[in-house]
Amino acid sequence: MNASIRDKNKPIGYIIGGSLKESLRARLIVPPQEVREGSFVVIRTSDWQFYGLITDLQLGATDPRFADEPSGERLQSAISDLLQGQTLFTTLEVLPTLMLERGPDPGSPEYAQWREKRGAISSKTIPVKTIPSHYAEVLPANEGDVAEIFGSETSSGYFRIGNTREQGHPVCIDLVKLIQRSSGIFGATGTGKSFLTRIILSGLIKEKLASLLIFDMHNEYGLDDTATDTQESVPGLKGKFPAAVRIVGLGRGASVRGQAPDFNLEFAQSDIQPQDIELLTHELNLKDTTPATLDALVSSFGIENWYSKFKAMKPGSVIQGEDGKRMPAPDSVETWALENNVNSLAATSLHNKMTRLFHLPYIVEQPAANGLNEIIKALQNGQHIVLSFGDHENDLDYLLVTNLLTRRIREKWVEMTNAHRSHIERTAEPRQLVVVLEEAHKLLNHEMARQTTFSTIAREMRKYGVTLLVIDQRPSQIYSEVMSQLGSRICGWLGDDDDIHAVLSGLAGRDALRGMLARLQPKEEVILLGWGIPMPLVIQSRRYDNQFWGELLGKTHGKVNETQIMKELGFQS
Amino acid sequence: MNTTPIEIGRLLRSSLTGFVAGCRVDQPSLPVFGTLVRVPIEDQLEAFGLVYDIHMDDDGLVRQLATSHSLPPEVIADNRNNRNMPVEISIITVGRRKTGILSHLLPGHPPVSLDVLYRCTSQEVRDFTTTGRLGYFRHILRAEELPVGELLAAHLEQARAAHRESGDPAWFKNATRELITLLRDDYPTLMSVLNALSDLGPE
Ligand SMILES: Nc1ncnc2c1ncn2[C@@H]1O[C@H](COP(=O)(O)OP(=O)(O)OP(=O)(O)O)[C@@H](O)[C@H]1O
Ligand SMILES: [Mg+2]
């Protein structure tokens, strides 16, 4: 295999111009069909090696007439071929990204001098600060080049998430960097976000780099699922990591895909705070008066009791007074409003709208077990939580539960970090935590982001060891301040200009990358971008299948197709 | 195949960039358009050139004869052998050989009258056309008043045959490529040269 790769690794062109600000231009010396937009190339000069991406291919002619008037009919074919070879050409546009000092030829006497001057520092790539000279050779990156930049699977923390598109060299991501800051996985529906997320999550679990809290809105990650298009069974994380992954159901007796979860989560009424209600303003169509009413409730009953007291009130309930007149009953919303100088209409309206909450089975007076604590304990112990929404698949549940849970976890992590830092107790640093959010724009949109805990996490929780992994179809809907905090962005095909713009915001070489993003394959092809990625690159996603699990867990998992075995044994059916 | 140098004629006039030789009409060695020729100038210096024109002037006698009613063959032969005006062969200088070394630079001074003009042998053609990187094309391409396309076609055809003899069929392709490179920015000239080369047909 190596020999053929080396053969393929002949120069494809040489540099003829360009600039650092725009792009480099190279004359192509192989047929244009042999290279593609987005390919990873290496540019060699004597001392430096530059890395870049092909962002465009242009046909050119020394004189437009050579291109306009086909010479084939007028000239002998051999001469016509020569003419075309000399006057018609293809120019490559290459976006330079990184450079690496190679030093003189290791065999030469200058090499020893150079090594000495440079000290023992091992070779390290840096962002481009200069450009290669004229006629520098352009080569397709080989397996070693890709490993040099993206790391190799054999080093710990590096995890293969795909292959380069043309030559299939393995491409890794640095998982440590991926979770050091918040990251995002984007793409239109069906581009493979959930599949790629499964792959990355498996990697994180395998490498034991962080605890995961997965808000599994569509019940995709925990238990085995069925692919919507191929109808094939898709293994869940629980089946592969039975001890490390805990499935949590929402509400007492909840079942997930007909199976009982590891434990259930219920919230106590005392957990609900006014801000949790305000968060649902849009969802419940609440009025401007809501905050005032909530304030009054809290001052009447205290932060722990306001919810249960309010729930117990009966709007419109009346009694017969001594004078025979009907008046609001003492347990009515109106009486409370009257006594507390609150607009009675506002109070009853809020009560009405909160009925949906009052009916939620997972908010109870006394949770049977302390699910919240169990979750926190599991996460601290390096286990992973998949919170399955089960039947509670609508936005109200998603907003409320994610927020309630994350707020508590955030508080806990801040507290633990502070305790650890101030050495008050000999407490351990809290475990690195990654919160995985599907349909993230629901919680991180422009309206919501300021109120939810998630934007805080994206902005400052890195210091406390909590980061987000957001998954979304519509990055443009995500609040720009949150978007700008995403260190690594993995993006599949996007059809919408605003979405493309959002994904590329804040990145160098945006213009060149925009076209590449818009022309990705509709499935299983993604571009890697951002701070956590050495340089932008289009890759073919790793496939999530039995082979993946075999490689990850070191043995063949799942049922092996019988005909496959027969084939491998040499029996053709 | 010509292996021995053949004397063609003697010089009538010359300059640094070209010269004209006179020769007899009946000479069997009368060169053709595009032939590579050489003139020894002095002991260790020769000029090389390409024949780009063959010119025959009339004289009084020819005019008379041309209008007479019947011309016996011996009269025609006599006029041709003994005419006063020689055939003039015009040559563009394309290189030199100095102290045995070929190059495509011009000789330092031109040949002088009555120096002898030789037709080059196949070996000399091969040696001259493989010295350097076909640099002598520049002399031809600069001579705008010449039928450049035709001259190159004629020369390349002869040179191609010479290289073929020695088993180097690639020479013609390289020469064509070099011409394309040199003329890339001059579409009309390049196309006329390539049209002429195309007319040669494959060997
Ligand atoms: N890495 C992969 N390995 C195997 N199959 C894949 C992979 N990526 C995508 N697919 C195929 O593409 C289909 C769609 O992928 P997926 O469900 O991940 O899309 P999605 O981006 O999450 O879509 P949505 O936004 O609608 O949730 C899958 O059902 C699967 O068949
Ligand atoms: Mg999905």
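The values are calculated or read from the model by the stated rules, or taken from the named source; none is laboratory data. Here the structure is a predicted model, which means the values were calculated and not measured. Ideal geometry is used to build each Cβ from the backbone, glycine not excepted, and the neighbour counts take in all protein chains shown. Just the protein is used for accessible areas: all its heavy atoms, side chains included, with ligands, DNA and RNA removed. Shrake-Rupley method; radii C 1.70, N 1.55, O 1.52, S 1.80 Å.
Within the range A:196-207, is there a residue that is of a type in the set (K, R) and under 15 Å from A:V470 (Cα atoms)?
Within the range A:196-207, one or more residues are of a type in the set (K, R) and under 15 Å from A:V470 (Cα atoms).
For the range A:200-233, which residues satisfy the criterion of being within 14 Å of ligand 1 (Cβ to nearest atom) and surrounded by fewer than 18 Cβ atoms within 10 Å (Cβ to Cβ)?
A:H218, A:D224, A:T226, A:A227, A:T228, A:D229, A:T230, A:Q231, A:E232, A:S233
Given the criterion farther than 19 Å from A:H134 by Cα and either assigned to a strand (DSSP E or B) or touching a helix residue (DSSP H, G or I) at 6+ places or on another chain (Cβ under 9 Å) (or both), identify the matching residue among A:F50, A:F66.
Criteria check complete, one pass: A:F66.
Given the conditions (1) over 25 Å from A:A458 (Cβ atoms); (2) among the hydrophobic types (A, V, I, L, M, F, W, C); (3) touching a residue at least 60 places away in the same chain (Cβ under 8 Å); (4) within 16 Å of ligand 2 (Cβ to nearest atom), which single one is not true for A:F195?
Looking at each condition in turn, A:F195 falls short on (1).
I need the full set of residues from the range A:517-541 which are open to solvent by less than 20 Å² (accessible area, probe 1.4 Å), of a type outside the set (G, A, S) and either closer than 22 Å to A:A147 by Cα or within 16 Å of ligand 2 (Cβ to nearest atom) (or both), in order please.
A:E525, A:V526, A:I527, A:L528, A:L529, A:I533, A:M535, A:L537, A:V538, A:I539
If you scan the range A:502-547, which residues turn out to be touching a Phe, Trp or Tyr at 6+ places or on another chain (Cβ under 6 Å) and within 12 Å of ligand 1 (Cβ to nearest atom)?
Selection gives A:P522, A:Y544.
Could you please let me know if A:T197 is open to solvent by 50 Å² or more (accessible area, probe 1.4 Å), within 8 Å of ligand 1 (Cβ to nearest atom) and away from every other protein chain (no Cβ under 14 Å)?
Spelling it out, it is not the case that A:T197 is open to solvent by 50 Å² or more (accessible area, probe 1.4 Å), within 8 Å of ligand 1 (Cβ to nearest atom) and away from every other protein chain (no Cβ under 14 Å).
From the list A:Q49, A:Q33, A:Q84, which residue is among the polar types (S, T, N, Q), more than 10 Å from every other protein chain (Cβ to nearest Cβ) and surrounded by fewer than 20 Cβ atoms within 10 Å (Cβ to Cβ)?
Result: A:Q33 is the single residue among A:Q49, A:Q33, A:Q84 that is among the polar types (S, T, N, Q), more than 10 Å from every other protein chain (Cβ to nearest Cβ) and surrounded by fewer than 20 Cβ atoms within 10 Å (Cβ to Cβ).
Inspect all residues belonging to the range B:176-199 and state whether any of them is within 14 Å of chain A (Cβ to nearest Cβ), out of contact with any Leu (no Cβ under 8 Å at 6 or more places or on another chain), within 18 Å of B:V32 (Cβ to Cβ) and surrounded by fewer than 17 Cβ atoms within 10 Å (Cβ to Cβ).
Yes, the range B:176-199 has at least one match.
Taking the condition of being under 22 Å from A:T402 (Cβ atoms) and surrounded by fewer than 14 Cβ atoms within 10 Å (Cβ to Cβ), how many residues in the range A:234-254 meet it?
Looking only at that region, the number is 1.
Working carefully through the options A:S133, A:S182, find the one that is away from every other protein chain (no Cβ under 14 Å), open to solvent by 20 Å² or more (accessible area, probe 1.4 Å) and more than 16 Å from ligand 2 (Cβ to nearest atom).
Exactly one of A:S133, A:S182 is away from every other protein chain (no Cβ under 14 Å), open to solvent by 20 Å² or more (accessible area, probe 1.4 Å) and more than 16 Å from ligand 2 (Cβ to nearest atom), namely A:S133.
If the Cβ limit is 8 Å and pairs must be 6+ apart or interchain, which residue in the range A:272-288 that is open to solvent by 50 Å² or more (accessible area, probe 1.4 Å) pairs with which residue that is charged (D, E, K, R)?
Listed pairs, sorted by first residue: A:H282/A:E447; A:E283/A:D395; A:N285/A:K353.
Does A:I149 satisfy the condition of being surrounded by 15 or more Cβ atoms within 10 Å (Cβ to Cβ) and within 14 Å of chain B (Cβ to nearest Cβ)?
Taking the combined requirement at face value, the residue does not satisfy it.
Would a scan of the range B:103-116 turn up a residue that is polar (S, T, N, Q) and open to solvent by less than 60 Å² (accessible area, probe 1.4 Å)?
Yes, the range B:103-116 contains at least one residue that is polar (S, T, N, Q) and open to solvent by less than 60 Å² (accessible area, probe 1.4 Å).
For B:T67, only one of the following conditions fails: (1) in contact (Cβ under 8 Å) with a residue 40 or more places away in the chain; (2) open to solvent by 70 Å² or more (accessible area, probe 1.4 Å). What is its number?
With respect to (1) in contact (Cβ under 8 Å) with a residue 40 or more places away in the chain; (2) open to solvent by 70 Å² or more (accessible area, probe 1.4 Å), B:T67 is out only on (1).
Show me the helices (runs of 4 or more DSSP H) entirely contained within the range B:103-203 in which 1 or more residues are farther than 18 Å from B:V37 by Cα and not hydroxyl-bearing (S, T, Y).
Those helices (runs of 4 or more DSSP H) span B:137-142, B:148-165, B:170-183, B:187-200.
Starting from the range A:521-545, take each residue that is in contact (Cβ under 8 Å) with a residue 24 or more places away in the chain and in a loop (DSSP other than H, G, I, E, B) and list its partners that are open to solvent by 10 Å² or more (accessible area, probe 1.4 Å) and within 16 Å of ligand 2 (Cβ to nearest atom), counting only C-beta distances under 6 angstrom and pairs at least six apart or across chains.
A:P522/A:W493; A:K523/A:G192; A:E524/A:G192; A:E524/A:S541; A:Y544/A:F195
Take the range A:462-476 and flag every residue that is in contact (Cβ under 8 Å) with a residue 60 or more places away in the chain, assigned to a strand (DSSP E or B) and either more than 13 Å from ligand 1 (Cβ to nearest atom) or under 18 Å from A:L379 (Cβ atoms) (or both).
A:T467, A:L468, A:L469
Here is a check on your reading of the model: is A:P70 within 14 Å of chain B (Cβ to nearest Cβ) and not hydrophobic (A, V, I, L, M, F, W, C)?
Against the criterion (within 14 Å of chain B (Cβ to nearest Cβ) and not hydrophobic (A, V, I, L, M, F, W, C)), A:P70 qualifies.
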